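Working notes, beginning with the structure itself.
The values are calculated or read from the model by the stated rules, or taken from the named source; none is laboratory data. Here the structure is a predicted model, which is why all the values come from computation and not from measurement. Glycine gets a Cβ as well: all are built from the backbone with ideal geometry, and neighbour counts include every protein chain shown.
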Amino acid sequence: MKIRHPKGLPVLFFTEMWERFSFYGMRAILVLYLTKETIGENPGMGWSNSDALVLYGWYTMLVYVMAIPGGIIADKFLGQKKTVLIGGILIAAGQLTLAVTSEVFFYSGLMLIIFGVGLLKPNISTMVGGLYKEGDPRRDSGFTIFYIGINIGAAVAPLIVGYVGEVYGWHIGFSLAGFGMIFGQLVYLWGQKHLTEVGNYTPSPKIEGTKNNKPLTSIEKDRIIVLLISFLIVIIFWGAYEQAGGLMNLYTKEKINRMIFGWEIPASTFQSVPAIFVILFGTAVAAFWEKRNRKGKESSSIFKMAIGTIIMGTGFLMMTGAAIEAQTSEKALLIWLILSYLLQVIGELSISPVALSFITKLAPVKYASIMMGVYFAATGLGNKLAGLVGEFAQNAGELEVFAGIFVFCVFFGLLLLVFFKKLKKLTHGAENINSEEPVELT
Ligand code: PHE
């Protein structure tokens, strides 16, 4: 049976696809540009790997932490629709600023993108939810479709922006990312006629004396404990997974044999591999969990998150294999990298789709609207952690760090599995509020 989705969905789909094109395209070349020597062909900034990963950590953290002010600005002043527009303009301006070869322009460009993504990303996700009335059964598949849009952008960008950036010139790459965002804005403006009902500013009624100051009930307190643990999972998960654009990107450049039929594939090309896997396996992994659920087997969110962390962690066992090989034969086989990304993505698909809706269901009502922002901020902290781990690897050695991530993630996941029944009890049935299994993806 074919389900028809609201006309606003393709508009948001293509806007976010282009926004992610611009984000991931630029991200694919960021550390490569920073570490490239300042002389010779296509010069970079000549930074050390450590310095580049520190900046990368701050940048990828701030883009998502800014979701908190971004959400507040939309809620309190502008509504999501206008906020997304302003965010998109700032991103495009930021990417085009990066196109200029100058340190001042470089930092200004990054700042513009940070503010822009903060305004755009959380609010466009909220708008997708707003296309469906409460209890609309199409909502979950709407989010799944939206996630595919995200990953199409993320898959194509490193191939184009990465190739152009590495081969023809970093600054041409950055400007391509900027043009991507401009396309996104054009789609968004053109599609306004399908978005009349969604993302509008609605001033919250100010009724004196009805401020929700009631103390939290013991059920709410229990749920907050689980909530804090799920934030911890989110931070640890992305802390490992987001090595992709930083440490693993540099490692691919330096230690992975990228020769195929006598042609050396640019390192940035491999940045599209995780997104391609998400597109290929997204529905299969969702279907697996749904089938298990229907059979009455355990598939609560914490359970899925634990399994997801373990599978993602084993991806780093593959990188450990690569690092062992690289010690003896200088460069490691490509297959290690590909298998690592495959396992990481299977893990991602067990966590990312459930985390947000799980968190929103656990949050006490008075905190409900800020949860989207807090969730993105937790992702941001994960990104910062990823940068720190990558920087640490510069002294400790990649082999040790890859092995460490593997051991830590598997141990943490197993620990969650041991305690998941207790944690599930603490949710006091929060997951059963809607009978539908949540598959919201952001
Ligand atoms: N691939 C996801 C995206 O770009 C990663 C992400 C998850 C980012 C959650 C923010 C929050 O949207």
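Structural remarks
- For Phe77: the one exception among (1) at pLDDT below 95; (2) under 20 Å from the mean Cα position of the chain (by Cα): (2)
- Residues of the stretch 21-40 that turn out to be charged (D, E, K, R) and without any contact (Cβ under 8 Å) to a residue 40 or more places away in the chain, as a count: 1
- Test: residue in the stretch 101-109 that is modelled with pLDDT of 95 or more and within 21 Å of Ala378 (Cα to Cα): no
For every residue, the table says whether it meets (1) buried (at least 17 other Cβ atoms within 10 Å of the Cβ); (2) closer than 28 Å to Leu216 by Cα.
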| site | (1), (2) |
| --- | --- |
| Gly347 | yes, no |
| Ser350 | yes, no |
| Leu356 | yes, yes |
| Ile359 | yes, yes |
| Leu362 | yes, yes |
| Ile370 | no, yes |
| Gly380 | yes, yes |
| Ala396 | no, no |
| Phe411 | no, no |
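- Total residues in the stretch 158-194, condition over 22 Å from Ile39 (Cβ atoms) and of a type in the set (Val, Ile, Thr): 4
- Looking across the stretch 44-100, not a single residue is among the acidic types (Asp, Glu) and in contact with a Pro (Cβ under 6 Å, 6 or more places away or on another chain).
- Within the stretch 10-40, the residues that satisfy the criterion of being closer than 20 Å to Ile152 by Cα and surrounded by fewer than 21 Cβ atoms within 10 Å (Cβ to Cβ) are Pro10, Phe14.
- Across the stretch 123-135, the number of residues qualifying as within 14 Å of the ligand (Cβ to nearest atom) and either free of Cβ contacts under 8 Å to residues at least 12 places away in the same chain or in a loop (DSSP other than H, G, I, E, B) (or both) comes to 0.
- Checked against the criteria, Lys193 does not count as basic (Lys, Arg) and part of a loop (DSSP other than H, G, I, E, B).
- Residue match in the stretch 333-340 (condition: at pLDDT 90 or above and among the small types (Gly, Ala, Ser)): yes
- Single condition His5 does not satisfy, out of (1) under 13 Å from Val128 (Cβ atoms); (2) more than 16 Å from the ligand (Cβ to nearest atom); (3) not in a loop (DSSP other than H, G, I, E, B): (3)
- Some residue of the stretch 75-86 being touching a Gly at 6+ places or on another chain (Cβ under 6 Å) and on the phi > 0 side of the Ramachandran plot: yes
- For the stretch 158-179, the set of residues classified as modelled with pLDDT of 95 or more and within 14 Å of the ligand (Cβ to nearest atom) is empty.
- Any hit, the stretch 239-246, residues being of a type in the set (Asp, Glu) and within 16 Å of the ligand (Cβ to nearest atom): yes
- Residues located in the stretch 88-122, provided they are part of a helix (DSSP H, G or I), more than 15 Å from the ligand (Cβ to nearest atom), surrounded by fewer than 24 Cβ atoms within 10 Å (Cβ to Cβ) and among the aliphatic types (A, V, I, L, M): Ile89, Leu90, Ala93, Leu96, Val104, Leu110, Met111, Leu112
- Pairing each residue of the stretch 91-113 that is within 17 Å of Tyr56 (Cα to Cα) with any residue that is among the aromatic types (Phe, Trp, Tyr), provided the two are 6+ apart or on different chains, yields C-beta distances under 6 Å for Gln95/Phe174; Leu98/Phe174; Leu110/Tyr59.
- Positions within the stretch 216-238 being touching a residue at least 12 places away in the same chain (Cβ under 8 Å), within 16 Å of the ligand (Cβ to nearest atom) and out of contact with any Gly (no Cβ under 9 Å at 6 or more places or on another chain), in sequence order: Ser230, Phe231
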